[in-house]
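This report refers to the structure that appears directly beneath it.
Only the coordinates and a few stated rules stand behind these numbers; no lab work does. Here the structure is a predicted model, which is why all the values come from computation and not from measurement. Note: ideal-geometry Cβ built from the backbone for every residue, glycine included; neighbour counts use all protein chains shown.
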Amino acid sequence: MMGAEGRLVVVSNRLPVAVEREGDGWSVRPGSGGLVTAMAPILRGRGGVWIGWPGASGAPEIGRFLRQAGAEAGYDLRGVPLTAEEERHFYIGFCNEILWPLFHDLLDRCNMDPIYWETYRAVNGKYAGVLRESMSPGDMIWVHDYHLMAVAREFREQGGGEHPLSFFLHIPFPPPDIFLKLPWRAPILEDLLRYDLIGFQTERDRRNFTHCLHAVLRAAAIRGKGRVISAEHGGRTTRLGVFPIGIDYDYFDRESRTDEVASRAWEIHSNLPKRQIILGVDRLDYTKGIPHRLQAFRAALLKHPELIQRVTLVQIVVPSREDVPEYRALKTEIDRLVGEINGQFTQHGWVPIQYMFRSLTRDQLLGYYRTAEIALITPLKDGMNLVAKEYCACSIEENAVLILSEFAGAAAQLGGGALLVNPYDREAAADAIVRAFHMSPEERRTRMRRLRRACQKQDIFWWIDAILRAAVAKELHEFLADG
Ligand code: GDG
């Protein structure tokens, strides 16, 4: 258990800052996003540590940059330097060419190159080494995501001591049919069971995990029921929890009421007058189902000509992993489909798809969230999907419809208010667009209120609190109390 002096030590693939080239020199940009925002007060409160790859191994004096950025953030930042080969075999290879597609059920996109596995374990060992050097008595360790499933084992084998080790998987866990194809299925499960607590986004993910334990490590016994259960294997107990990640709901609700966001929202809509905006916001990723969505939109226009001139699909695609060939091919496919659909349907004064391939500022994004009448969020599979929750938090007028894939983790919490669709079913997705378009203001309000309540109730602070309680029997406020 953690002593009163215990700090939180967070380990993730990337640090919450990015060291980047700027002209002839280098700069450090602070990270944004829910996880950093939510973790920051806890890390500051007790003087915590965040360990991760700084992103630019070539930058000189990286230690000085991180000390400076850490002083500003109010907690320590420790970099794990990766060589170019490690970046290729660990990050691009094992993480992005094997684990990412496999865990999203996309087996045929996997490149099971055996060379990647060695590097995965070795790099996890590097993170564990930096972790060991950073620890003080009583500290609690919280490791994030699929890049770092072997850190607990490496940490313990390097003599890291008896600190409580928790792990959260942000992406889905696949069913046995898929997971059993992985050549390293047994060591990965054994590595995961070296953690004291494993958190999953949904019941479905945890069930898949326990089914894989039964299938691969026949000796693993599962006990208990409810939010946290336990798995026993090789004389150790690992607790398995379901903790759906949330957003900083109050922040999104508050910010979307500001004059800046209101005027952006007004500007967006006055440029697209007399029509409903259908919004898609995704990182460039084949798991997000962007081509399927474009096809569904085309099917809706073909089948329901009343939508012509009355809807615009605003599709924002945020550049991501452009060094991976699969992602470049996806970009080409999206460009082609958008061109094809716009070529087919554009009329004087109306273009059906407004497509942006870039990152927006927070205010711009919130402007779209606030003003779009419909959000079309149809990943083929997704751990959670925070965009869906952010959209609901920003829909302050409650005149908005969320169309959500049943394969997004968020569907477990938002299924009651959203229109759920199977993203592979083009006709059904097209019908959902038409249904959303015609939905009455009363039904929109009832559904959106339900959605907003769900996002508010289990927000990011609820999530951290639930995990800390399960990990070390402490509540969030206890971390903040004597900082
Ligand atoms: C992984 C899992 C899980 C998007 N466009 C812009 C922008 N964003 C922000 C959104 C949101 C985040 O990026 C995307 O989060 P998601 O949850 O949708 O997706 P992943 O990046 O795939 O995240 C996922 C998540 O981890 C958390 O556990 O939900 O399933 O795959 O916060 O707001 N931000 C800005 N400009 C943009 O253009 N500033």
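Add -39500 (n - 2.57) for each DSSP H run of 4 or more in the chain, then divide by its residues: what number comes out at 222 nm, to the nearest 500 deg cm²/dmol?
After summing the helix terms and dividing by the residues of the chain, the value is -13000 deg cm²/dmol.
I need the phi-derived Karplus couplings for the range 181-191: 6.51 cos²θ - 1.76 cosθ + 1.60, θ = phi - 60°, integer Hz, Gly and Pro marked x.
Whole-Hz 3J(HN,Hα) from phi for the range 181-191: 6, 5, x, 9, 4, 5, x, 5, 5, 5, 4.
Which far-off residues, 5 or more places away or on another chain, put their amide H under 5 Å from the one on Arg283, with H placed in the peptide plane?
Amide H neighbours of Arg283, under 5 Å, 5+ apart: Val318.
With the cut-off at 1.5 for a/c, could you classify the chain from its C-alpha gyration tensor as rounded, prolate or oblate?
Since a/c reaches 1.5 and a/b is larger than b/c, the shape of the chain is classed as prolate.
Can you tell me the 0 to 90 degree angle between the C-alpha axis of helix 114-134 and the longest principal axis of the chain, rounded to 10?
The two axes meet at around 70 degrees.
Among all the aspartates and glutamates, which ones have a C-alpha under 13 Å from Lys288's C-alpha, if same-chain residues fewer than 8 places away are not counted?
Asp105, Asp382, Glu406
Apply the Kirkwood formula to the range 359-483: the hydrodynamic radius equals the inverse of the mean of 1/r over all pairs of different alpha-carbon atoms; give it in Å with one decimal.
About 15.7 Å, per the Kirkwood formula over Cα pairs.
For a footprinting-style exposure proxy, rank Leu8, Leu279 by other Cβ within 10 Å, fewest first. It would help to have the intermediate numbers written out before the result.
Numbers: Leu8 26, Leu279 23.
Fewest to most other Cβ atoms nearby, the residues stand as Leu279, Leu8.
Counting only other residues whose beta carbon sits under 15 Å from that of Arg14, what net charge do I get with K and R as +1, D and E as -1?
Once all neighbours under 15 Å are counted, the net charge is 0.
Take the alpha-carbon centre of the range 215-261, take the same for the range 183-213, and report the distance between them in whole Å.
So the separation of the two Cα centres works out to 12 Å.
What is the order of Leu366, Leu302, fewest Cβ neighbours within 10 Å to most?
Taking fewest neighbouring Cβ atoms as first place, the list is Leu302, Leu366.
What does the charge add up to near Leu402, with Lys and Arg as +1, Asp and Glu as -1, over the other residues with Cβ less than 15 Å from its Cβ?
Its environment carries a net charge of +3.
At a 10 Å Cβ-Cβ cut-off, how would you order Asp191, Asp145, fewest neighbours first?
With the sparsest Cβ surroundings first, the list reads Asp145, Asp191.
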